[in-house]
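Here the structure comes first, spelled out in C-alpha cells, and everything after it is commentary.
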Number of protein chains: 2
Amino acid sequence: MPSKAQRREAITNQLPMVTKLLKLQDDKAGPQRRKETPTGGKAVPNHEDLENYCPKIIPTYAAPYHDGTITYGGYSDIMVADEHFIVRIPDNMPLDAAAPLLCAGHVAVKFAKAFGCKVTVISTSLSKKDEALSHLGADSFLISKDADEMQGAVGTMDGIIDTVSAHHALMPLIGLLKAHGKLIMVGAPDKPLELPVFPLLAGRKMISGSGIGGMKETQEMIDYAAKHNIKADIELISADYVNTALERLTKADVKYRFVIDVANTLKQA
Amino acid sequence: MPSKAQRREAITNQLPMVTKLLKLQDDKAGPQRRKETPTGGKAVPNHEDLENYCPKIIPTYAAPYHDGTITYGGYSDIMVADEHFIVRIPDNMPLDAAAPLLCAGHVAVKFAKAFGCKVTVISTSLSKKDEALSHLGADSFLISKDADEMQGAVGTMDGIIDTVSAHHALMPLIGLLKAHGKLIMVGAPDKPLELPVFPLLAGRKMISGSGIGGMKETQEMIDYAAKHNIKADIELISADYVNTALERLTKADVKYRFVIDVANTLKQA
C-alpha cells in the first residue's frame, strides 16, 4: 500500500530531473536502491553537491532506466530511490503545498520577500496586479506592454527572474537592469531568443539560467520555506481528474499548481 | 608643444569611453580641468570606482562636450583632463605598447597565461595557430569550423572571452563550457545574436559582457601588465599614415594594433 513516501510532484509544465520524494518513510526500507546519478556529488569539478549536472543523470520521468524500463515520475504508484536523492519535508510543511516548491515560478515572489528584497512583478496583463500585490506580497507591478511604465523603470533593478516559456524580447528586460544586473532565465522557450550584445557590454550585465538545484540546495530551500512559512498555492486533485486538469492548464485556468493526491486516489480505488 | 602627456590610444576598432591619458605630466598643470563623469565613482550603488557606468559620461571621442565642442579622443593634438581620469603608466612600460592595453583583445591570452590559466585560442582559421601557440603562449588551439574538434572539447572550459564583432553562433561556444561556465562578450555585433535558452538552464551557464573598466580597475590592469611584462603587439605609425592604416584595418592587415605617434608627427610637421 502506498504511503506518504510515494506522494511527490506531479502535474507541472516542467519535468523533474532528479528524484525528489517528499518524505522519507520511517523505516527507510526498500526492495532495491536506484542511484540516479552514479557519480554522486562530483559532477562539477570544485562544485560538490551538484548532482543535477551529472552527465549520466537519469530523469525520474519518461527516461529509460538501466534495466530498460521507463521512469514514470509523479505518476508512479510506487518508487524506490537512494536516500541521497530524497528531500526531507519539515513537519510543519503541508505535503501538498510543498510539492510545487520543487518546481514552480510564482513562489519566487514569496522567497524574494522573505530574503528582504523589494519585489516588482512584471506581467503582460493588468489582471494579475491585485493578486501580485495583495496575495503574493509584491511591492509593485509593471505592465511590460506599457512603454511609459517600462521607460520609467529603466536602470532600476538588481536582478530579474524570467519565468516566461514563450518567445519574448530580452531587450526591454535588460534595459530594466542596473549596471552589473542579472537576468536569470528559468523558463525554456523552444526557439532561440534575440540577444542584443551591446547593452550587456555597456552595463556589464549578465544573462544566466537555472533549471534545478542539487540535493543540498534543494534541502536548504525546503527548510528555508518551512521556517518562513512559504507555501505554493495549489489545487489538490485526485488522479482521475488529470485529463481535465491538463485541459485547464492549456487555458491557464489554475492558481497556481495542480497537485495529484496519489495516495488517497489509490485508497479510494 | 605637445609632450608625452598627449600620447594616447588612437586607431582601434573600438572607441575609448573614458579619457585615459598615458602619462601624467610632471607638473600636472593644465589651463582647465574637464570632469568627464561629474558623479565620480558613484555611478553604481555599492560599486565605487566604476565611473564607466555614469549616466552623464562624456566619451572622449566624437561626443559633444558641455560647451558644445566635439571631443577628438586620440586624434587631438592637446587634451586637458581631470587627474582622476588619468592612468599612470609604470616607468618600465613602453608607451606605444601600453596604449592598446586600454582597449585590445589579443592581450587577453597573455593576461590569462599570467593568471596561471590553461588557455585555448578558438579561431575560424588554422592560419593563426602557430602564432597563438608560439607567440601569444596559448596552450592549445581550436578551429571553430571543425565539428570534430569542437565536439571533442564540449564541456571542458570554465570561461570563454568572445572578441568577435561579427554576427556568429553562440550555441557552439555555450557547448564548450562546463556547468557554471561563463561566456564573456567583449565584441559588439551590430545585430542581435541568437540565444538558445535551454543550454543556459541545463548547466546554469552565464553570458555577460564587458566594455571597459573603471579608473581603479584600469590602473590595476596596467600595473599588473608592467609587473608581468605584458605588452600589446603594435605597429607604430605617424599621423599621415592614418588613411592607409584604416584601409589595411579593413583587410585585417595588421598584427595586432596600429598606434599613432602623435607627438613625433607634430614635431616633424
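The values are calculated or read from the model by the stated rules, or taken from the named source; none is laboratory data. Everything numeric here is computed off the predicted structure, so don't read it as measured data. A quick note on method: Cβ atoms are made from the backbone with ideal geometry, for glycine too, and the neighbour counts reach across all protein chains shown. Heavy atoms of the whole protein, side chains included, go into the accessibility calculation; ligands, DNA and RNA do not. Shrake-Rupley method; radii C 1.70, N 1.55, O 1.52, S 1.80 Å.
Of all positions in the range B:147-159, none carries a residue that is within 14 Å of chain A (Cβ to nearest Cβ), open to solvent by 30 Å² or more (accessible area, probe 1.4 Å) and in contact (Cβ under 8 Å) with a residue 60 or more places away in the chain.
The residue that is nearest to the other protein chains (Cβ to nearest Cβ), counting only those in the range B:191-202 that are part of a loop (DSSP other than H, G, I, E, B) and touching a residue at least 24 places away in the same chain (Cβ under 8 Å), is B:196. When the residues of the range A:62-79 are filtered to those that are among the aromatic types (Phe, Trp, Tyr) and open to solvent by 100 Å² or more (accessible area, probe 1.4 Å), the one that is nearest to residue A:96 (Cα to Cα) is A:75. Output the number of the condition that residue B:187 fails; it satisfies all remaining conditions of (1) within 14 Å of chain A (Cβ to nearest Cβ); (2) assigned to a loop (DSSP other than H, G, I, E, B); (3) surrounded by fewer than 17 Cβ atoms within 10 Å (Cβ to Cβ); (4) in contact with a helix residue (DSSP H, G or I) (Cβ under 9 Å, 6 or more places away or on another chain). Condition not satisfied by residue B:187: (3).
Taken over the range A:203-222, the criterion of being at pLDDT below 90 and within 7 Å of chain B (Cβ to nearest Cβ) is satisfied by A:211 alone. Among the numbered conditions (1) basic (Lys, Arg); (2) within 30 Å of residue B:216 (Cα to Cα); (3) more than 14 Å from chain A (Cβ to nearest Cβ), the only one that residue B:118 does not meet is (3). Within the range B:105-116, identify whether any single residue is modelled with pLDDT of 95 or more, more than 19 Å from the chain's Cα centre (by Cα) and in the same structural domain as residue B:172 (by TED's automatic domain parsing), and answer yes or no. Yes: the range B:105-116 contains one or more residues that are modelled with pLDDT of 95 or more, more than 19 Å from the chain's Cα centre (by Cα) and in the same structural domain as residue B:172 (by TED's automatic domain parsing).
In the range A:124-144 there is no residue that is in contact with a Gly (Cβ under 8 Å, 6 or more places away or on another chain) and in a helix (DSSP H, G or I).
Take the conditions more than 8 Å from every other protein chain (Cβ to nearest Cβ) and not in a helix (DSSP H, G or I) and apply them to residue B:182. Does it pass? Steps first, answer last, please.
Details: more than 8 Å from every other protein chain (Cβ to nearest Cβ): yes; not in a helix (DSSP H, G or I): yes.
Spelling it out, residue B:182 is indeed more than 8 Å from every other protein chain (Cβ to nearest Cβ) and not in a helix (DSSP H, G or I).
Return yes or no: is residue A:246 more than 9 Å from chain B (Cβ to nearest Cβ), crowded, with 19+ Cβ neighbours inside 10 Å and in a helix (DSSP H, G or I)? Taking the combined requirement at face value, the residue does not satisfy it. Can you find a residue in the range A:81-88 that is more than 20 Å from residue A:52 (Cα to Cα), in contact (Cβ under 8 Å) with a residue 24 or more places away in the chain and in a helix (DSSP H, G or I)? Within the range A:81-88, none of the residues are more than 20 Å from residue A:52 (Cα to Cα), in contact (Cβ under 8 Å) with a residue 24 or more places away in the chain and in a helix (DSSP H, G or I).
Give me the residue from the range B:249-269 that is under 30 Å from residue B:128 (Cβ atoms) and in a helix (DSSP H, G or I) and, out of that set, farthest from the chain's Cα centre (by Cα). Residue satisfying both the conditions and the ranking: B:250. In the range A:117-133, the residue that is surrounded by the most Cβ atoms within 10 Å (Cβ to Cβ) out of those that are under 20 Å from the mean Cα position of the chain (by Cα) and among the hydrophobic types (A, V, I, L, M, F, W, C) is A:122. Just one of (1) away from every other protein chain (no Cβ under 14 Å); (2) open to solvent by 60 Å² or more (accessible area, probe 1.4 Å); (3) not basic (Lys, Arg) fails for residue A:233. It is (2).
Between B:95, B:142, B:101, which is touching a residue at least 60 places away in the same chain (Cβ under 8 Å), touching a Leu at 6+ places or on another chain (Cβ under 9 Å) and open to solvent by less than 50 Å² (accessible area, probe 1.4 Å)?
Numbers: B:142 fails: touching a residue at least 60 places away in the same chain (Cβ under 8 Å); B:101 fails: touching a Leu at 6+ places or on another chain (Cβ under 9 Å).
Checking each option against the conditions leaves just B:95.
No other residue among B:144, B:165 is within 14 Å of another protein chain (Cβ to nearest Cβ) and over 28 Å from residue A:57 (Cα atoms) apart from B:165.
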